[in-house]
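Chemist: Once you've had a glance at the structure underneath, I'll fire off some questions.
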C-alpha cells in the first residue's frame, strides 16, 4: 500500500532505531536528484551526527554537506562508525559498497539506498552489467537475477523503510512497515578475568564478555617472548576498541607501541579509545611500509585483511610482539588472504599464537535487522553442507553442470555453494555472487554425494576474440576484461593468434574439507573437459598462486605449465603460474608449443628474476613441464662430461665448470623419473646453486664471520656429492 506524505521524516525511524540500538535500512526509490535533496533535508532535520557519508559512483553531483567517497575509495569507510551512510545505486549495483555500508554504520544509525523504481530497476542502465560482460559478450547477455534478489529482500525484510520519490520531489511511503523489534536489554555488568594484570579500569571500559577475553589475550604482548595475537569477528564486534584499550594499558606500562593498517582512517576508532580520558598515553600511527625501518616493541595491526600477505609477513618479521585484528565474512580488498594464507604462515612461525573470536555485537545490539538483511542477501554467513556420514567413498558421486536460474531459485543450494567457495578460496567476495547468478560467460559444475554438495567447479569462457582486438592487445594499446588466458598468451608468451581460440578458464575449484585428497577435484575437471562443447573450446586453463602441492595437483590433472610470473602477487604473496590442458587438436598444438618453450626458458629465468623462488616450487614446475613431453638429451660434449666428473669427484671447483653442470642439473630436474635419485634437500641445494646461481654466502645463511668459510666448504662438499648420481657415464674414467 502507498501513502502520500508531505516530507521525508526520519526522526521517528531514528528514534525507533536508537531505542533498539539497531540500524535501519531506508530505501529512496525513484528520481535520483530529488531523492538526494529530500535525504539531505531529512538528516539535518533529524539532528543526526555529521559527517553524512555518501557513496559516489561518479557521473552525478553529491549534495553539499556530505562526505563523498568515490566507489573506488569506499572501502576506506571500514574502521569508522558514522550515523548515516547513503549508497547511490542509480549508476551501478555496487554490492561491495552495500556490504561496506552495512558493516560501518553504528547502532541507531541509517543505511540509505538510492535506487531506481524497484519495478523498473531490473531494466535500468547498470554499470555492473558492463563488468559482468567481458568480450565477446555484451550487456544484453547479462542476467538480472542479483537485482531481482535485492528487490525481493528489500520488499520482505524487517528494518527496511521504503519511500518513492517523484521527479518533482513528491514522496510516498510504502506501508505497512515491518513490525518494530523491542528495545535492547541493558548489558550485564562485566569484571576482569582471574589473573588479569592490566588496570581494572581497562576491563571496566569493555562492553562485552568477548571484549574481556580479547583484552586478556592481548596481555601476552606485555611479555618478553615473541608472540602474535589474532582477533577475528564480524563487523561491529569491538575488535578495534579492544585493541585501543589494550594499547592504552601497554603504553601506560612504558612499552613503545605503534599502530598500523591500510590507512590512518582505518585505525581512527582504535586511536580514539587510546586517547579517551585524562593522562592518555602517546600511541601513533605508522605506515605499514615504514615499520621495518623503525620497528616498535609492540605493533597493533587493525583491518589486517586489507593488507597484502607479503606485507603482513614483513610486519611479523620486523616486530616480535604483534596483534592483528581482522574481519570474517569480509569484503576487504584482499578477501580472505589473511584467514587462509597468512594464518597458515602464523601457525608455522616459532612464536606464541593466541586467537580470540568475538561474536557478540557492540556497534549495534544483537538481532540487528540490517546485519541480518546483509548476510541473507549477499550470503555473507554461508557455510558448506555438512559432510556425508560414514565412509562410503565416492561411489555415489553425482557430477553435473548447474543452470544459473536453478541456482537463483534454490536458496539452500546457493548458500551451500557459496559457503563451499568461501571456505576453499581466500578471494571469494560478494561480487562473485553477481558472477554466479548473472555472468554470461560463467559455467558452474557441482558434485553431490548422498544429497550433500561436496564439490564445485567454476569455469569462465574466454578467448574467441577478433583478430583486430588480438593485434591491439599485442601492441599494448588495449586491455580486455575477463580474458586473462588470452591476454597472458598474447602479451607474455608471444602467441598473438591464441586470442582467437575459445577456452574455458578455471575460476574456482572447491572440495568439501572432509573429502579432500580423494580425487574429487580431478573428477570435476575431467567431467567438465569431457562435456566442454559450448563454443568448442580448444583448451582449459588456470592461473594460481604457485605452491609445490598445487603444481603437482594441476600436473596430475593433465595441465602443462605455460608461464610463471616474475613478481610476487600482492594478494597471495606467491608467484603466479598459468597452466593449460588441451581439449582438441588446436589445443594440443598450442600446449605442445608453449610447454617446449617453457622448458627452454624457465631455467634461465630462475637465474635472474626468480632467483628467490622456493626451490621446491621450481622443481615442481620443471617436473610438471617435463612430464608432458620427451626430454632432449643435455647439450654436452665429451670434454664437458669430463670436467663435470672432475668437479663432482675432484679436483675442479664448481665455479670453473658452471655451464656443463647447469645442463646436467636442468635436464635431471625436469625428468620426473629422476626425482628419487636424491633427497629433497640435495635437490634444493642444486636448484639454489646451479640453476638460481645464488652466492655461496647466501647458501650458508646467517653464520658468524669466522664460521662462514668452513660452512661454505661444507656446502661445496654437499654439492659435489649431490652431482654424482646425476652425471652421465664416461666412456673411460676421468684422469
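The values are calculated or read from the model by the stated rules, or taken from the named source; none is laboratory data. Here the structure is a predicted model, which is why all the values come from computation and not from measurement. Using ideal geometry, Cβ is built from the backbone for each residue, glycine included, and neighbour counts are taken over all protein chains shown.
Chemist: In region 93-110, what count of residues is obtained for those that are outside any loop (DSSP other than H, G, I, E, B) and under 26 Å from the mean Cα position of the chain (by Cα)? Lay out the reasoning, then the answer.
Modeler: So the first thing to find is which residues in region 93-110 are outside any loop (DSSP other than H, G, I, E, B), and the list is 95-104, 110.
If we keep only those that are under 26 Å from the mean Cα position of the chain (by Cα) as well, we get 95-104.
Going through region 93-110 one residue at a time, the tally reaches 10.
Chemist: So, in region 574-583, how many residues would count as being in a strand (DSSP E or B) and farther than 16 Å from residue 462 by Cα? Give the steps one after another, and end with the answer.
Modeler: Applying the first criterion (in a strand (DSSP E or B)) to region 574-583 yields 575-582.
Checking which are farther than 16 Å from residue 462 by Cα leaves us with 575-577.
Looking only at that region, the number is 3.
Chemist: Tell me, which residue of region 226-248 that is in a loop (DSSP other than H, G, I, E, B) and modelled with pLDDT of 85 or more is surrounded by the fewest Cβ atoms within 10 Å (Cβ to Cβ)? Lay out the reasoning, then the answer.
Modeler: Within region 226-248, the subset in a loop (DSSP other than H, G, I, E, B) is 226, 234-238.
From the residues that got through so far, the ones that are modelled with pLDDT of 85 or more too are 226, 237-238.
Working: 226: 14, 237: 25, 238: 26.
Only one residue fits best here, namely 226.
Chemist: Next question, about the same structure. Check residue 475 against each of (1) under 22 Å from the mean Cα position of the chain (by Cα); (2) free of Cβ contacts under 8 Å to residues at least 12 places away in the same chain and name the one condition it does not meet.
Modeler: (1)
Chemist: In contact with a strand residue (DSSP E or B) (Cβ under 9 Å, 6 or more places away or on another chain) and either surrounded by 20 or more Cβ atoms within 10 Å (Cβ to Cβ) or not assigned by TED's automatic domain parsing to the domain that holds residue 107 (or both): is that true of residue 380 in this structure?
Modeler: Numbers: in contact with a strand residue (DSSP E or B) (Cβ under 9 Å, 6 or more places away or on another chain): no; either surrounded by 20 or more Cβ atoms within 10 Å (Cβ to Cβ) or not assigned by TED's automatic domain parsing to the domain that holds residue 107 (or both): yes.
So residue 380 fails the test.
Chemist: Among the candidates 399, 394, 420, which residue alone is in contact with a strand residue (DSSP E or B) (Cβ under 8 Å, 6 or more places away or on another chain) and in a strand (DSSP E or B)? Outline the logic, then answer.
Modeler: Values: 394 fails: in a strand (DSSP E or B); 420 fails: in a strand (DSSP E or B).
It is 399.
Chemist: Okay, next question. Against the conditions (1) over 29 Å from residue 303 (Cβ atoms); (2) in a loop (DSSP other than H, G, I, E, B); (3) touching a helix residue (DSSP H, G or I) at 6+ places or on another chain (Cβ under 8 Å), where does residue 147 fall short? Just the number, please.
Modeler: Failing condition for residue 147: (2).
For (1) closer than 24 Å to residue 302 by Cα; (2) surrounded by fewer than 22 Cβ atoms within 10 Å (Cβ to Cβ), each residue gets a yes or a no:
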position	(1), (2)
17	no, no
47	no, yes
60	no, yes
74	yes, no
88	no, no
101	yes, no
112	no, no
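Chemist: Among (1) closer than 23 Å to residue 318 by Cα; (2) part of a helix (DSSP H, G or I); (3) touching a residue at least 60 places away in the same chain (Cβ under 8 Å), which single condition is residue 251 missing?
Modeler: (3)
Chemist: Moving to a separate point now. Restrict the check to region 665-687 and report whether at least one residue is in a loop (DSSP other than H, G, I, E, B) and either assigned by TED's automatic domain parsing to the domain that holds residue 605 or more than 30 Å from residue 551 (Cα to Cα) (or both).
Modeler: Taking region 665-687 first, the residues in a loop (DSSP other than H, G, I, E, B) are 670-671, 678-679.
Filter once more, keeping what is either assigned by TED's automatic domain parsing to the domain that holds residue 605 or more than 30 Å from residue 551 (Cα to Cα) (or both): none.
No.
Chemist: Okay, moving on. Name the residue that is surrounded by the fewest Cβ atoms within 10 Å (Cβ to Cβ), counting only residues in region 439-450 that are in contact with a strand residue (DSSP E or B) (Cβ under 9 Å, 6 or more places away or on another chain) and assigned to a loop (DSSP other than H, G, I, E, B).
Modeler: To start, the set of residues in region 439-450 that are in contact with a strand residue (DSSP E or B) (Cβ under 9 Å, 6 or more places away or on another chain) comprises 439-449.
With the extra rule that they be assigned to a loop (DSSP other than H, G, I, E, B), the set shrinks to 439-441.
Numbers: 439: 25, 440: 18, 441: 23.
Of everything passing the filter in region 439-450, 440 is surrounded by the fewest Cβ atoms within 10 Å (Cβ to Cβ).
Chemist: Restricting to region 603-613, and then to whatever is surrounded by fewer than 22 Cβ atoms within 10 Å (Cβ to Cβ) and part of a helix (DSSP H, G or I), can you tell me which residue is nearest to the chain's Cα centre (by Cα)? Let's see the steps before the verdict.
Modeler: Here is the first cut: in region 603-613, the residues surrounded by fewer than 22 Cβ atoms within 10 Å (Cβ to Cβ) are 604-605, 607-609, 611-612.
With the extra rule that they be part of a helix (DSSP H, G or I), the set shrinks to 604-605.
Working: 604: 31, 605: 27 Å.
Once the filter is applied, the top-ranked residue is 605.
Chemist: Residue check: is residue 514 touching a residue at least 40 places away in the same chain (Cβ under 8 Å) and more than 30 Å from residue 150 (Cβ to Cβ)?
Modeler: Working: touching a residue at least 40 places away in the same chain (Cβ under 8 Å): yes; more than 30 Å from residue 150 (Cβ to Cβ): yes.
So residue 514 passes the test.
Chemist: Is it the case, given these coordinates, that residue 545 is modelled with pLDDT under 95, touching a strand residue (DSSP E or B) at 6+ places or on another chain (Cβ under 7 Å) and either surrounded by 23 or more Cβ atoms within 10 Å (Cβ to Cβ) or under 23 Å from residue 672 (Cα atoms) (or both)? I'd like the intermediate steps shown before the answer.
Modeler: Values: modelled with pLDDT under 95: yes; touching a strand residue (DSSP E or B) at 6+ places or on another chain (Cβ under 7 Å): yes; either surrounded by 23 or more Cβ atoms within 10 Å (Cβ to Cβ) or under 23 Å from residue 672 (Cα atoms) (or both): yes.
Yes, satisfied.
Chemist: If we scan region 527-543, do we find a residue that is within 19 Å of the chain's Cα centre (by Cα) and within 16 Å of residue 421 (Cβ to Cβ)? Talk me through it step by step, then tell me what you get.
Modeler: Step one: of region 527-543, the residues within 19 Å of the chain's Cα centre (by Cα) are 542-543.
Cutting the leftovers down to within 16 Å of residue 421 (Cβ to Cβ) gives us 542.
Yes: region 527-543 contains one or more residues that are within 19 Å of the chain's Cα centre (by Cα) and within 16 Å of residue 421 (Cβ to Cβ).
Chemist: If you go through region 351-371 one residue at a time, do you hit one that is touching a strand residue (DSSP E or B) at 6+ places or on another chain (Cβ under 7 Å), at pLDDT 85 or above and more than 30 Å from residue 218 (Cα to Cα)?
Modeler: yes
Chemist: Considering 166, 223, 195, 159, which residue is outside the structural domain of residue 409 (by TED's automatic domain parsing), surrounded by fewer than 17 Cβ atoms within 10 Å (Cβ to Cβ), modelled with pLDDT under 95 and touching a strand residue (DSSP E or B) at 6+ places or on another chain (Cβ under 7 Å)?
Modeler: Working: 223 fails: touching a strand residue (DSSP E or B) at 6+ places or on another chain (Cβ under 7 Å); 195 fails: touching a strand residue (DSSP E or B) at 6+ places or on another chain (Cβ under 7 Å); 159 fails: surrounded by fewer than 17 Cβ atoms within 10 Å (Cβ to Cβ).
After ruling out the rest, the residue left standing is 166.
Chemist: Of the residues in region 46-92, how many are farther than 25 Å from residue 15 by Cα, assigned to a loop (DSSP other than H, G, I, E, B) and touching a strand residue (DSSP E or B) at 6+ places or on another chain (Cβ under 7 Å)?
Modeler: 5
Chemist: Considering region 21-35 alone, what residues qualify as being part of a helix (DSSP H, G or I) and either at pLDDT below 90 or in contact with a strand residue (DSSP E or B) (Cβ under 7 Å, 6 or more places away or on another chain) (or both)?
Modeler: 32, 34, 35
Chemist: Here is a further query. For residue 651, work out the one condition from (1) surrounded by 17 or more Cβ atoms within 10 Å (Cβ to Cβ); (2) free of Cβ contacts under 8 Å to residues at least 40 places away in the same chain; (3) over 18 Å from residue 611 (Cβ atoms) it doesn't fulfil.
Modeler: (1)
Chemist: Could you list, in sequence order, all residues of region 131-144 that are closer than 16 Å to residue 437 by Cβ and in a helix (DSSP H, G or I)?
Modeler: Across region 131-144, the qualifying residues are 131, 139, 141.
Chemist: Can you report the number of residues in region 624-653 which are in a helix (DSSP H, G or I) and either closer than 14 Å to residue 577 by Cα or in contact with a strand residue (DSSP E or B) (Cβ under 6 Å, 6 or more places away or on another chain) (or both)? Break it down into steps so the answer makes sense when it comes.
Modeler: If we filter region 624-653 for residues that are in a helix (DSSP H, G or I), which is where we start, we get 624-627, 638-649.
Retained after the next criterion (residues that are either closer than 14 Å to residue 577 by Cα or in contact with a strand residue (DSSP E or B) (Cβ under 6 Å, 6 or more places away or on another chain) (or both)): 624-625.
Total satisfying the criteria: 2.
Chemist: Among 600, 586, which is the only one that is assigned to a helix (DSSP H, G or I), in the same structural domain as residue 487 (by TED's automatic domain parsing), modelled with pLDDT under 95 and over 19 Å from residue 554 (Cα atoms)? Show your work before the answer.
Modeler: Working: 586 fails: modelled with pLDDT under 95.
Sole residue among the options that is assigned to a helix (DSSP H, G or I), in the same structural domain as residue 487 (by TED's automatic domain parsing), modelled with pLDDT under 95 and over 19 Å from residue 554 (Cα atoms): 600.
Chemist: With 524, 433, 457, 453 as the choices, which residue is touching a helix residue (DSSP H, G or I) at 6+ places or on another chain (Cβ under 8 Å), touching a residue at least 24 places away in the same chain (Cβ under 8 Å), part of a helix (DSSP H, G or I) and buried (at least 18 other Cβ atoms within 10 Å of the Cβ)?
Modeler: Working: 524 fails: touching a helix residue (DSSP H, G or I) at 6+ places or on another chain (Cβ under 8 Å); 457 fails: part of a helix (DSSP H, G or I); 453 fails: part of a helix (DSSP H, G or I).
Criteria check complete, one pass: 433.
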